[in-house]
Structures are given as C-alpha cells and as structure tokens.
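The values are calculated or read from the model by the stated rules, or taken from the named source; none is laboratory data. Here the structure is a predicted model, which means the values were calculated and not measured. Don't worry about glycine lacking a Cβ; one is built from the backbone with ideal geometry, like all the others, and counts go over all protein chains shown.
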Amino acid sequence: MNTIIAPSKLDDKSCDELKGKLLDDSFYDTLITEDCDCFREDGTILFKLRKNFVSRAQADVGFFAFKNLAKATHARGAAAGPIDQNSTFWKKRKVIKLNKPGGWSAHYVNVSGSKSGMKIQNEVASNIVGYWSETKTLGLNMPCRLSHYSRQQFLKVEDGNPYIQAISNSYKRLHPELYHQQMDQAMLQPDMLVGDTPFSTITINRNFRTAVHKDAGDYGFGNLSVLEYGHYHGGYFILPKYRIAIDMRHGDHLCVDVHEYHANTALYETEEDKLLNDELPDIYNDNLSVGVLGLNDRKYTRISLVCYLRGALKNCEMELDPELLKPLPVANTKNTIFFVNKAENSENRNKFLPTNWSRCPTHQDALHRMTKHQLKNVIIIDDVCELIKNVPPSTKFTEKDGITILNVPEEGKKGISLCRTKSEVLAYYVPDWQTAQKLLDRQVVNKYKINPPVFSHPLSI
C-alpha cells in the first residue's frame, strides 16, 4: 500500500473559479490506481482508497441491487456541469437566464410557453435513497422523511443494504476516530439510518460525469464506491486542488473528504471496449429522447454510490410522523420474487426473471422480509433452479392455506394439486405473510404442486 503526502497546488480562489466546470486529464499530475493513504501537508487525512475491498461476487450483488435506482433529475447543482443549450434536453426548453456566463443553472421557457418557477440544471441519472431532513422549497415545507423513491422501492433498496454495510465496515477500519464520531452523531436519530451504519442517505449516480463541486449538508467524510457493468475507460475522481486523480473501479471503496472540490473525467469506450460491450445483453430500456446525460445508448454502466450522514437530521423533531419513515405498501397485483443467491455465487442463472425480483441470502431471510413488510404473492427461488417457462400470475395459484411448489416434477394431472413428493422444495409460491410466519415457526402448512413445474429441479439439470 502506498502512503503519500499531497501538497496544495491551487489556491482557494483558483479552485472556486473551477466550480461547475468539467475537468479533463490535464487537471491532474498523479493517477492513483492502487491502495493508497493520502495525507495533507498538515498530517490530516485527505483520502484512503481500497481496491477490491469486497469480492467480485459481492460487488456483483451490489450492482444488481442498485442498477435501477439512479433516476433522472435536473437538481444536482454545479455537479451537473455547464448547460449546453444545443443538447437534447435543452432544445426542448428556451433558456431565459443562466446563473452566470457558462453556468450550470437557468430559468427557462418550456414548449407550452410557460416560464419556470425555479432554476434547473442538466438532466442526469442521479437519485437519493434513504432519509432526508426538513426541506423548504417552492413554498412547501417538507418534513424529515424517508425519500419518496425509497418508500416506493424499498425491497430493491433493502437488497443493497449488505453492500452499504460492507462500506461502513471498511470506513470503520480506515478512519476509526471519525467513524465513531459520525456514529455518535447518527445515533441522535437511530430510526433514520441505513441498516447498522452511520449513514442516513445514499446518492446513487449512473454514468454521471460530475463537474467541479463540493458536497454540503453532510457530517464526516464521504464514502464512495463504484459498481460496473461492461467495459469503459476514464471516470477518474479528481481533486483539482492537489492535482490528484483516483481510478475507482468495480468494488472499490474511497473514504475521502468531499468538502474539498472534486469532479470526474469523461467516461468513454475504446474500440476494444465497444466490441466487447456490443456482445452484452441489454439490461436497460432508456428513453433517450429525454436527453439524460451519460446514457446515450451506451451498453456499459458505471454506478457510483456516495454514502453519508445528513447533518440536519439531528434537528428533526423527536416526535416524527412514523408514516413518513415507513415504506409504502407493495401492490399485490403482481408476484414479488425473492431470488435466494449467496454472495459466493456470482452467476445469475435466473437472468430471465421479471424485473420485480429481489435478492436474499437465504430462504429464511426471504420469509423474514415477507413478515417484516407484510407482503402477499411472493415467489421464493433458490439459485440452483432454472426458469423453464413464464411465471404465472398469482391468480393461477391456489388460494388454499399453504404453499405451491414450483420446482417438483411429478406424474399426474396438469394444474395444481396436493403434493406428496419428498423432493427438496427450492422454488415455491407463498400467498401471504401469515403463511410465511407459519413456515418460520416450523408449523405444518399444506403443500401443493403445479404441473408442469415452472422451474427445474437441480437433479434434472
């Protein structure tokens, strides 16, 4: 591991002048590609980088948990970069006034001729999950709350908790003093934390090349990680004041003072990258006409996670509205699918499953999540099974008190009937959380089978 001292190479005024600008490779002298501890000249920590701090398999699990959570927004401030009025997004809007020449924020007139009531920035794929402090905007006073997207997509957010926990554990090892200070601060609002971590909030970015900015409103250091799909170059994390760039790749962790100015270099494909990416299956269905920066029909994906503690959460009223801290009920019109996959098994054999699936480490964990969130219409599938045919809607399963086994081939009539086989149950439909609780309590429940089965039994593979 390298240990380096980073002298300042730009004064504060020069750094301020870079705010909102995009940086290229000319803005760094040193590129960090290995584990590194970096200190300022006064001995304080600037950053610590750990490459591959988790296994490839664990990083893959993190990617599939987070890959769809970065949604389009036009509210990322200076980080969104200078407004290009010839871009797809801005061609649909007429800029009235930029915040400054070459700036990143503007009032506009839309196609209907109405003037915007607020300034907006470039459209980028970036989203906040977790908890948010009181916000006053457009005459509204939003209370402390679980972010709207987290309330809607809590199962997917929850899938990613083990990866966020791994980042937290690494933070504790790398900067124990600040970790414990942050944890003490976090425990002022223990109901507004992501799992057992000192983080309340996570910003998730997809193919987002940030312009020069500082993070604000957070306590402690930023804890960043990158998750990837496909092949690309660039995307270096730059600290322009120190002329240092960091190459963060799949499963890396960067513990860094994000109150220093920082940015990213451009993401790009080499010819070799493009040839490799052209062989990849499509995992997104983006509407490119919206003009979200960074998507542009690219096959590769770079997801960056920024984990932090909102400093203002400590000011939240102690009597918080519990309804604003809870997920919204899951619609029961479709099946929710729990895919039981241990981190050691990186191969997603059920890649053709519908999009509404969530990953669990064990069958017991899946059942616990059913009871915790009072879910209905859940299918639990072990990763040793292969999908044979389309999963039927819940209305096709029995409404009787019991589970319907989906992986056991048996001689007999088609449809649903009592199951008398002693074969291992590895794929099954659970109608409601009460039945899940009975299974957890080891109570006897009726077992039915569907013939022909939806999933293969491992013995038949």
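Determine whether ASP401 is modelled with pLDDT of 85 or more and farther than 17 Å from ASN335 by Cβ.
Against the criterion (modelled with pLDDT of 85 or more and farther than 17 Å from ASN335 by Cβ), ASP401 does not qualify.
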Over the stretch 172-206, the set of residues under 20 Å from the mean Cα position of the chain (by Cα) and within 30 Å of LEU267 (Cα to Cα) is VAL194, PHE199, SER200, THR201, ILE202, THR203, ILE204, ASN205, ARG206
Kindly provide the set of residues from the stretch 257-274 that are surrounded by fewer than 17 Cβ atoms within 10 Å (Cβ to Cβ) and either assigned to a loop (DSSP other than H, G, I, E, B) or among the aliphatic types (A, V, I, L, M) (or both), ordered by number.
-> HIS259, ALA266, THR270
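Can you tell which of GLY102, GLY20 is surrounded by 17 or more Cβ atoms within 10 Å (Cβ to Cβ), over 30 Å from LEU155 (Cβ atoms) and out of contact with any Leu (no Cβ under 6 Å at 6 or more places or on another chain)? Show your work before the answer.
Numbers: GLY102 fails: surrounded by 17 or more Cβ atoms within 10 Å (Cβ to Cβ).
Step by step, each of GLY102, GLY20 is checked, and only GLY20 is surrounded by 17 or more Cβ atoms within 10 Å (Cβ to Cβ), over 30 Å from LEU155 (Cβ atoms) and out of contact with any Leu (no Cβ under 6 Å at 6 or more places or on another chain).
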Selection count, the stretch 55-75, where residues are over 16 Å from the mean Cα position of the chain (by Cα) and without any contact (Cβ under 8 Å) to a residue 60 or more places away in the chain = 2
Every residue from the stretch 257-274 that is aliphatic (A, V, I, L, M) and touching a residue at least 60 places away in the same chain (Cβ under 8 Å) = ALA263, ALA266, LEU267
Give, as residue ranges, the strands (runs of 3 or more DSSP E) completely inside the stretch 368-423 that count at least 1 residues that are of a type in the set (Gly, Ala, Ser).
-> 402-405, 415-418
Among the candidates ASP196, ASP159, ASP191, single out the residue that is in contact with a helix residue (DSSP H, G or I) (Cβ under 7 Å, 6 or more places away or on another chain), surrounded by 18 or more Cβ atoms within 10 Å (Cβ to Cβ) and charged (D, E, K, R).
-> ASP159
Have a look at TRP132, TRP104 and point out the one that is under 27 Å from the mean Cα position of the chain (by Cα) and not assigned by TED's automatic domain parsing to the domain that holds GLY217.
-> TRP104
Flag for ASP184 being in contact with a strand residue (DSSP E or B) (Cβ under 9 Å, 6 or more places away or on another chain) and either buried (at least 18 other Cβ atoms within 10 Å of the Cβ) or at pLDDT 95 or above (or both) = no
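Condition check ((1) in contact with a strand residue (DSSP E or B) (Cβ under 8 Å, 6 or more places away or on another chain); (2) free of Cβ contacts under 8 Å to residues at least 12 places away in the same chain; (3) outside any helix (DSSP H, G or I); (4) buried (at least 18 other Cβ atoms within 10 Å of the Cβ)) across all residues:
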| site | (1), (2), (3), (4) |
| --- | --- |
| CYS255 | yes, no, yes, yes |
| LEU276 | no, no, no, no |
| ASP286 | no, yes, yes, no |
| ARG302 | yes, no, yes, yes |
| LEU305 | yes, no, yes, yes |
| TYR308 | yes, no, yes, yes |
| ALA312 | no, no, no, no |
